[in-house]
Amino acid sequence: MTDFTSNAPRRTAKRGTEYHVYFALLFILAIPFATVFWLADVFQKQTLFLHGPLARAWAEADRITPLIFSA
């Protein structure tokens, strides 16, 4: 008997064209806001050791896009 509990196969959802279009739109829209918040954090914390505006915009788009498709 085979034990799949420790090495269970994972199902990954295939992300189609529509997902990528929404992701790209959200990413582009998030860049200006992420830049403003990044600049505010840089001046407030007096350091450049923070995630940059593109990383922040990518994270926001990556967080919001699945929420659109889960509804």
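The values are calculated or read from the model by the stated rules, or taken from the named source; none is laboratory data. Here the structure is a predicted model, which is why all the values come from computation and not from measurement. When we count neighbours, we look across all protein chains shown, and the Cβ atoms used for this are built from the backbone with ideal geometry, even at glycine.
Return the residues of region 26-71 that are touching a Ser or Thr at 6+ places or on another chain (Cβ under 8 Å) and within 22 Å of Lys14 (Cβ to Cβ); say none if nothing qualifies.
Matches in region 26-71: Leu26 only.
Can you run down the residue pairs with Cβ atoms below 6 Å, 6 or more apart or on separate chains, where the first is in region 42-65 and on the phi < 0 side of the Ramachandran plot and the partner is among the small types (Gly, Ala, Ser) and modelled with pLDDT of 95 or more?
Pro53/Ala34; Arg56/Ala34; Ala57/Ala30; Ala57/Ala34; Glu60/Ala30; Ala61/Ala30
Listed residues Ala24, Ala40; which is surrounded by fewer than 11 Cβ atoms within 10 Å (Cβ to Cβ), modelled with pLDDT of 90 or more and closer than 25 Å to Thr65 by Cβ?
On the way: Ala24 fails: surrounded by fewer than 11 Cβ atoms within 10 Å (Cβ to Cβ).
Matching residue, one of Ala24, Ala40: Ala40.
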